[in-house]
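Working notes for the structure below.
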Amino acid sequence: MISRRLLKSFVVALATASILPQLAWAHFIWLKAEPAKQPGGTATIRAFFNEEPEPDADFVKYTKNLELKVDGQLVPSTQGEASRNADWAGKLPATVDTEHDLGVMTKGKKPFRLQYTARAQSGPLAPTAKEGADKLRVRLIEDGDKKQIEVLFDGKPVAKARIKVYPASGEPTDAVADEQGRATIAGIPEGTSALWANWVDETAGAKDGKDYAETRYYATFTYNPGAQAQDSASTSPEVPPTSFATMPEPAVNSFGGAVLGKWLYVYSGHIGRTHRYSVETTDKHFRRLNLEDRTTWEDLPLEKDLQGVALVADDKALYRIGGMAAKNKAGEDDELYSVADFSRFDPETKTWTKLADMPEARSTHDAVVIGRTVYVAGGWTMGGDSDSSPYPKSALAFDLDHPEAGWKVIPQPFQRRALSVAEQGGKLYVLGGLVGGGMKVERRVDVYDPKTETWAQGPELPGGGRTEGFGTSAFAVNGRLYYSGASGRIYQLSQAGDAWESIGAWALPRITHRVLPGPGRTLLAVGGNAKGRQTPVIEAIPLPETPAPSAGE
């Protein structure tokens, strides 16, 4: 009998003189998700091509065009020595997918189309979880205390699917799914085995001018329960491994947040129950955290307690812009008023200086400094009764070097609030928000170019739950724009500004928070509403040293 090693050597030699479809017949695409090797590091997602579920540098060239995806969103990846690799910061996603269409080939009596898919999973899914990917997929589900493999085609169970199991030691074994596309396979829930499943779609068709009689699907699967354990490992569910610091009581959402020097600043904000507003639900603190020791909080003079307020910084000072003040007491009808305030805070003297008010009051807007200009976009103008609050029709700009010029009014092609703004490539990006009195969530992105003074539309925010796009936060670090919203997923804007790329996830998904730069090329999630209440946990995830090119670059 020919040994497995000798057989592999023969296949490698054959590959040098063969095209991919011939080689692919005995080899598959695999994915693995490997946890961070040290606290505060990034996990690694690896895509490789081999007969067995281990990378082999001899076949790395066949991975160069693979696209790694989480929830259908591209994950930036680079080519390694034996695999295509992607860094992932924070909580690992439950599933990562990739696929490759090998086209039409002939082996035997009839031509067929060959399609490969691969999945890496880090946590079991519920049987009722909707499958987000099409084609043939394998997943691990947990039904009560039972963990089973489930084989799906276009989201539907595949009865009697053929399965090949690769144990940690020994030869591969065969298995067959039941009528519901399920199978109980030893070693899979423990992460010591891998597998592929096969299914044939007998629908004929044509591709690239070539007819085929059927499509043969192969789907590989790996599972790493250690990744899930690392994600959940902490002294308490409220203190995830990504924890950076803790806010003093009370924790806030819908507040002003900024970073200047070694300090993180938190200005006022909302406390208490969601959608309950009164003089008692607005925090009466302006504080800053020492980012070097991560424990020292210092109280600063509060000019006015507000929520839905923006706080930005240049290289010397902080600027507070707008916000909402409640005048009613608890139990009384809401009396909520937006303000037009614009003030500068000097961190050296710890004093406030009033600047020119905005042309109109606004709250639940956002602001950013681009160059030496403060830009404000979105929001609404509350005048006591929130149901009839108008939405400003213009964005604003204020030149910090020429304050005598006052505010410049910029007509904006949208009317939204509870949005976020950030900068990339010198342009202003306005992300998502709420539109109209019906509280409709918008995923639209508008882009303003100060050089041409024109607006354009950017890539829509990625899909998620029905609240994705509401209460997001965004910030640019080293020239790249990052944002997160209700799903907890962290996205970066592509270098071309035309797509969103998944790079990680917060352990505590949150809205109405602040995403801000942290020390040592980290990104912080500060405050916000997590699971219906304000969270005091400040999370940090590492960012790549250089922007990673997308697949195929």
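Pick out the one residue from Glu468, Glu404 that is of a type in the set (D, E, K, R) and either part of a loop (DSSP other than H, G, I, E, B) or in contact (Cβ under 8 Å) with a residue 12 or more places away in the chain (or both).
Just a single option satisfies the conditions, and that option is Glu468.
Residue under question is Glu52, and the condition is that it be surrounded by fewer than 17 Cβ atoms within 10 Å (Cβ to Cβ), touching a residue at least 12 places away in the same chain (Cβ under 8 Å) and closer than 23 Å to Pro167 by Cβ; does it hold?
Considered against the rule, which asks whether it is surrounded by fewer than 17 Cβ atoms within 10 Å (Cβ to Cβ), touching a residue at least 12 places away in the same chain (Cβ under 8 Å) and closer than 23 Å to Pro167 by Cβ, Glu52 comes out as yes.
Between Gly488, Gly471, Gly458, Gly465, which is touching a Lys or Arg at 6+ places or on another chain (Cβ under 8 Å) and among the small types (Gly, Ala, Ser)? Spell out the reasoning first.
On the way: Gly471 fails: touching a Lys or Arg at 6+ places or on another chain (Cβ under 8 Å); Gly458 fails: touching a Lys or Arg at 6+ places or on another chain (Cβ under 8 Å); Gly465 fails: touching a Lys or Arg at 6+ places or on another chain (Cβ under 8 Å).
Just one listed residue meets the conditions, Gly488.
Being in a loop (DSSP other than H, G, I, E, B) and in the same structural domain as Phe221 (by TED's automatic domain parsing) is true for just one of Ala175, Ala118, Ala197, Ala159. Which residue is that?
Ala159
How many of the residues in the range 357-411 are more than 29 Å from the chain's Cα centre (by Cα), under 19 Å from Leu318 (Cβ atoms) and charged (D, E, K, R)?
Residues in the range 357-411 being more than 29 Å from the chain's Cα centre (by Cα), under 19 Å from Leu318 (Cβ atoms) and charged (D, E, K, R): 4 in total.
Keeping to the range 59-100, report how many residues are part of a strand (DSSP E or B) and not small (Gly, Ala, Ser).
Of the residues in the range 59-100, 18 are part of a strand (DSSP E or B) and not small (Gly, Ala, Ser).
I'd like to check something: does the range 183-196 contain any residue that is within 29 Å of the chain's Cα centre (by Cα), closer than 20 Å to Asn224 by Cα, modelled with pLDDT of 95 or more and of a type in the set (Phe, Trp, Tyr)?
Taking every residue of the range 183-196 in turn, at least one turns out to be within 29 Å of the chain's Cα centre (by Cα), closer than 20 Å to Asn224 by Cα, modelled with pLDDT of 95 or more and of a type in the set (Phe, Trp, Tyr).
May I ask you to say which residue of Trp500, Trp506 is over 22 Å from Gln534 (Cβ atoms) and in contact (Cβ under 8 Å) with a residue 24 or more places away in the chain?
Step by step, each of Trp500, Trp506 is checked, and only Trp500 is over 22 Å from Gln534 (Cβ atoms) and in contact (Cβ under 8 Å) with a residue 24 or more places away in the chain.
Just to be sure before I move on: is Glu150 touching a Lys or Arg at 6+ places or on another chain (Cβ under 6 Å), without any contact (Cβ under 8 Å) to a residue 40 or more places away in the chain and either part of a strand (DSSP E or B) or surrounded by fewer than 14 Cβ atoms within 10 Å (Cβ to Cβ) (or both) in the structure I sent? Don't jump to the end; show me each part of the working.
Working: touching a Lys or Arg at 6+ places or on another chain (Cβ under 6 Å): yes; without any contact (Cβ under 8 Å) to a residue 40 or more places away in the chain: yes; either part of a strand (DSSP E or B) or surrounded by fewer than 14 Cβ atoms within 10 Å (Cβ to Cβ) (or both): yes.
Yes: the conditions hold for Glu150.
Tell me which residues, restricted to the range 316-338, are at pLDDT below 95 and of a type in the set (D, E, K, R).
Lys327, Lys329, Glu332, Asp333, Asp334, Glu335
Are any residues in the range 101-115 out of contact with any helix residue (DSSP H, G or I) (no Cβ under 7 Å at 6 or more places or on another chain) and part of a strand (DSSP E or B), and if so, which ones? If you could, list the steps in order and put the result at the bottom.
Of the residues in the range 101-115, the ones out of contact with any helix residue (DSSP H, G or I) (no Cβ under 7 Å at 6 or more places or on another chain) are 101, 104, 106-113, 115.
Asp101, Val104, Thr106, Pro111, Phe112, Arg113, Gln115, listed by residue number.
In the range 279-299, which residues are in contact with a strand residue (DSSP E or B) (Cβ under 8 Å, 6 or more places away or on another chain) and within 17 Å of Arg521 (Cα to Cα)?
Asn290, Leu291, Arg294 - these are the residues of the range 279-299 that are in contact with a strand residue (DSSP E or B) (Cβ under 8 Å, 6 or more places away or on another chain) and within 17 Å of Arg521 (Cα to Cα).
Looking at Leu396, is it under 21 Å from Ala356 (Cβ atoms), in contact (Cβ under 8 Å) with a residue 40 or more places away in the chain and either assigned to a strand (DSSP E or B) or outside the structural domain of Asn478 (by TED's automatic domain parsing) (or both)?
No: the conditions fail for Leu396.
Could you say which residue among Pro392, Pro413 is exposed (fewer than 15 other Cβ atoms within 10 Å of the Cβ), farther than 20 Å from Tyr277 by Cβ and not aromatic (Phe, Trp, Tyr)?
Pro413
Is it true that some residue in the range 342-356 is touching a residue at least 12 places away in the same chain (Cβ under 8 Å) and more than 22 Å from Leu302 (Cβ to Cβ)?
no
Might you check whether a residue that is in a strand (DSSP E or B) and charged (D, E, K, R) occurs anywhere in the range 122-136?
The answer is no; no qualifying residue exists.
Could you say whether any residue in the range 2-16 is aromatic (Phe, Trp, Tyr), part of a helix (DSSP H, G or I) and at pLDDT below 50?
Yes.
The values are calculated or read from the model by the stated rules, or taken from the named source; none is laboratory data. If you're wondering where the values come from, they're calculated on a predicted model, not measured in any experiment. Counting neighbours? That spans all protein chains shown, and the Cβs are built from the backbone with ideal geometry, glycine included.
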